[in-house]
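Accompanying notes for the structure given below.
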There are 2 protein chains.
Amino acid sequence: MNAPWIIYRPEIKVLDCTIRDGGLVNDHLFGDRFVQAIYKTCIEAGVDTMEIGYKNSDQFFSPTKNGPWKFCNEDDIRRIVDDNPSEMSIACMIDAGKSNWKKDVLPKEKSVVDVIRVAFYVYQVPEAIEMIEDAFQKGYEVSANLMAISTVNDPEIDQTLDILSQSSVSTIVVVDSYGSLIPEQTEYLTKKFLKYAKPNGKEVGIHAHNNQQLAFANSIEAIRQGATRVDASIGGLGRGAGNCPMELMLGFLRNPKFKLRPIYKCLEDQFLLLKCQMEWGPYPEYMITGQKNQHPRAAIQARESEVRNQFTEFFDKISQEIS
Amino acid sequence: MNAPWIIYRPEIKVLDCTIRDGGLVNDHLFGDRFVQAIYKTCIEAGVDTMEIGYKNSDQFFSPTKNGPWKFCNEDDIRRIVDDNPSEMSIACMIDAGKSNWKKDVLPKEKSVVDVIRVAFYVYQVPEAIEMIEDAFQKGYEVSANLMAISTVNDPEIDQTLDILSQSSVSTIVVVDSYGSLIPEQTEYLTKKFLKYAKPNGKEVGIHAHNNQQLAFANSIEAIRQGATRVDASIGGLGRGAGNCPMELMLGFLRNPKFKLRPIYKCLEDQFLLLKCQMEWGPYPEYMITGQKNQHPRAAIQARESEVRNQFTEFFDKISQEIS
């Protein structure tokens, strides 16, 4: 095939993480009207799944300082989606070490949520497996999101994938939390994930961050290598540098079921104002942490403080810390 | 090789097009102090070539409405670089159909310029060849930049490359003027360019635009396929959505001769202010023209007028025009 990009692969499914990952910028303090606008836009655009937030615990996050999408109580979700009469499924994320999943993840028959995504660092694999099996037993489709993949060494990745491929997850996601991967690395990791996932009937997904303006490119690369699940967010909204922009991903996929116009309308109606209220995107501080394979924490702190935009000082600080 | 990205290829050379392409945003009305700052930064960062502007003709561009970097008179260049005692070479671009190259390109011994880059559309190949041979005869290293490659059909690309490979150019550049390519297309084009260039001892370069946030990714892809010349600009400054950011490219290349700190310092010292005075970057209007493989002209006009940020209307307009 000389020009494979002009066709499309119908098996590729898109998850919107605008509220879930974007909420990491504003402590999930989105108003209902904004969340409803995202829900409506995703349905109109043909998005397959909307991740509406975390089901994390109020033991770990103050309910007065954090908005409802940090906890995703059933009543809060239903206030937005009602019984979700659409074809789009609803996902929530639970964090290992930060959620009271045994209690807070309801039996599926009592919830409008369809998919539980389990997020964990490599040292949390044992709890992650328990979370996965618990959610699966309760009736959910389950996804495993191994975070900060750019910091995990190869034997540990292999071991984790070996365990996950024997678990009840339907999807295993390459998560570039630090926005540090280049497409060649994404190719390497996606092939590795597929090697374990495919023979066991599981899908591979990609969740990219935009520190080096590579979130879209890494997502394309993963898809090119065989990934069939991709995360994106409207306007790229997400922690720090943000995620793969939905408006770019849907254009790339070329599946006629996806519609770009509702996304551009949402950017116009909702995001012009939001850009005045919240900050995200590939600012130099985020480039620097991405280039140096560091958590964006220091960059977020710098941009929220009086040393914002002092790129040279920040570059020196990060260079010294890791040397 | 399992991890080729940790080493570097010493033959890869970087050209800075901050002033030349950035000047398309402000009619090349940069002050001397800004141009000097870019010159100094590029030297400190280890950049191989700085493209300081166009040598276009005042018959086609008003000298009262356009700054000196549209014309690059020898005196103007020397006011910035003196005799250019650095190891970095100086380039100027000449446009087919818009330059009086016979007269305005001086014999090399009378100029501080080292490289002439000839920019042309595919219908201008005959003049481009004359321009190339003229500049070569005058003593310059010459580069051929076939613009708007995403709109040229394959037999015409092959024919052009066949002719260029027999000419006196040292480099042939893949120019994605519309910011429309995805990395798979860049792979295809780079391989084609290399097929003609390599056996004839010529290098292949890449000049990318950032409409789909893929300027860096497409540049990486071209390099991965064997390109050895790459254009970048500080802060991604360039027409419309801008170019491949220098701060990302130098980080990717990993050649110890390249230094990132001077680029971040320049972003801090020069670009925070510039961002308040000029606009460039992957705004939705530029995404839309990139996705639809259109010249950014309509997007630039929209963003400079009262319909700025009316993404839905712009999406409809472009969709209708090309259907």
Fill in: Simple Cβ-charge dipole of segment B:229-295, Lys/Arg +1 and Asp/Glu -1, about Cα centre, in debye nearest 20
340 debye
Worksheet item: Would you list B:ASP21, A:ASP75, B:ASP95 from fewest to most Cβ contacts within 10 Å?
Response: A:ASP75, B:ASP95, B:ASP21
Item to complete: Using the 7 Å Cα-to-Cβ label point, sort the distances from B:ALA148 to its equivalents in the other copies shortest first and give them in nm to one decimal.
Response: 5.0
Worksheet item: Can you give me the pair-distance distribution of segment A:51-205, C-alpha pairs, 10 Å bins, whole percents?
Response: 11, 40, 33, 15, 1
Worksheet, complete the sentence: If labels are modelled 7 Å from Cα along the Cβ direction, B:LEU106 lies from its partners in the other copies at nm distances, smallest first, of 7.9
Worksheet, complete the sentence: Rounded to the nearest 0.05, FRET efficiency between A:ILE163 and A:LYS198 (Cβ-Cβ, R0 22 Å) equals 0.85
Fill in: Cut-off of 10 Å, at most 11 other beta carbons, DSSP loop: longest stretch of chain A lacking such GluC sites (Glu not before Pro)
A:88-303
Worksheet entry | Violating pairs (Cα-Cα greater than 28 angstrom) within the set B:LYS13/B:LYS108; A:LYS65/A:LYS202; A:LYS265/B:LYS65 | A:LYS65/A:LYS202; A:LYS265/B:LYS65
Practice prompt. Express the relative contact order of segment A:216-323 as a whole percentage, based on alpha carbon pairs under 8 Å and six or more residues apart in sequence.
Written response: 21 percent
Discussion item. Can you show me the helix-derived [θ] at 222 nm for chain B, built from DSSP H runs with n ≥ 4 at -39,500 (n - 2.57) apiece and divided by the number of residues, rounded to the nearest 500.
Written reply: -11500 deg cm²/dmol
Worksheet entry | Spin-label pair B:GLN36/A:ARG254, simplified geometry with 7 Å Cα→Cβ offset, distance in nm | 5.2 nm
Practice prompt. Set the Förster distance to 60 Å, then compute FRET efficiency between B:ASP83 and A:GLU74 from the Cβ-Cβ distance, nearest 0.05.
Written response: 0.20
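Suppose R0 equals 41 Å; then what is the FRET efficiency for B:HIS295 and A:GLU11 from their Cβ-Cβ distance, rounded to the nearest 0.05?
0.75
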Discussion item. How far, in nm to one decimal, is B:ASN309 from itself in the other copies if the label point is set 7 angstrom along Cα toward Cβ? Shortest first, please.
Written reply: 1.9
Discussion item. Tell me the Kirkwood radius of the protein assembly as shown: reciprocal of the mean inverse pair distance over distinct alpha-carbon atoms, in Å.
Written reply: 25.6 Å
Worksheet item: Taking every DSSP beta bridge that has both residues in chain B, what percent is antiparallel when rounded to the nearest 5?
Response: 5 percent
Worksheet, complete the sentence: Over segment A:260-301, the quotient of the Cα radius of gyration and 2.2 N^0.38 Å is 1.54
Worksheet item: Under the definition of Cα pairs under 8 Å and six or more residues apart, what whole-number percent is the relative contact order of segment B:24-107?
Response: 40 percent
Fill in: Separation of alpha-carbon centers, segment B:72-112 and segment A:54-122, rounded to whole Å
63 Å
Discussion item. Testing the spin-label approximation: label points 7 Å from Cα along Cα→Cβ at A:VAL307 and A:ALA3. State their distance in nm.
Written reply: 5.1 nm
Response to the item:
Quarter of the surface of the C-alpha convex hull for segment A:2-92, i.e. direction-averaged projected area in nm², equals 7.3 nm²
Worksheet item: segment A:10-87: which trypsin sites (Lys or Arg not before Pro) are DSSP loop and have at most 12 other beta-carbon atoms within 10 angstrom?
Response: A:LYS65
Worksheet item: Radius of gyration and Dmax for segment B:130-172's Cα atoms, expressed in Å?
Response: 11.2, 33
Worksheet entry | Approximate spin-label separation B:THR64-B:LYS102, in nm, with each point projected 7 Å along Cα-to-Cβ | 2.9 nm
Practice prompt. Quick one: plug the Kirkwood hydrodynamic radius of chain A (C-alpha pairs) into Stokes-Einstein at 37 °C, 0.692 mPa s, and report D in µm²/s.
Written response: 166 µm²/s
Worksheet, complete the sentence: Of all DSSP beta bridges with both partners in the protein assembly as shown, the antiparallel percent, nearest 5, is 5 percent
Item to complete: Give the value in nm², to one decimal: projected area of the alpha carbon convex hull of segment A:195-308, averaged over all directions.
Response: 8.6 nm²
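Could you check how many percent of all C-alpha pairs in segment B:42-89 are farther apart than 18 Å?
For segment B:42-89, the fraction of Cα-Cα distances above 18 Å is 38 percent.
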Discussion item. With an 8 Å Cα cut-off and a minimum separation of 6 or more residues, compute the relative contact order for chain A in percent.
Written reply: 17 percent
Discussion item. Cut-off is 10 Å between beta-carbons; in what order do B:PHE136, B:PHE30 appear when sorted fewest neighbours first?
Written reply: B:PHE136, B:PHE30
Item to complete: Specify the inter-centroid distance of segment B:180-233 and segment A:255-287, based on alpha-carbon positions, in whole Å.
Response: 28 Å
Item to complete: With N set to the residue count of segment A:150-190, report its C-alpha Rg divided by 2.2 N^0.38 Å to two decimal places.
Response: 1.22
Worksheet, complete the sentence: Chain B to chain A by rotation: the residue of B with the beta carbon nearest the axis and the rounded distance in Å are B:ALA217, 2
Fill in: Radius of gyration and Dmax over the Cα atoms of segment A:93-159, both given in Å
12.5, 40
Worksheet item: In what sequence do A:PHE311, B:PHE61 fall when counting other Cβ within 10 Å, fewest first?
Response: B:PHE61, A:PHE311
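Readers should treat all values here as calculations from the given coordinates under stated rules, not as data from a laboratory. Remember, it's a predicted structure, so these values are computed and weren't measured experimentally. A quick note on method: Cβ atoms are made from the backbone with ideal geometry, for glycine too, and the neighbour counts reach across all protein chains shown.
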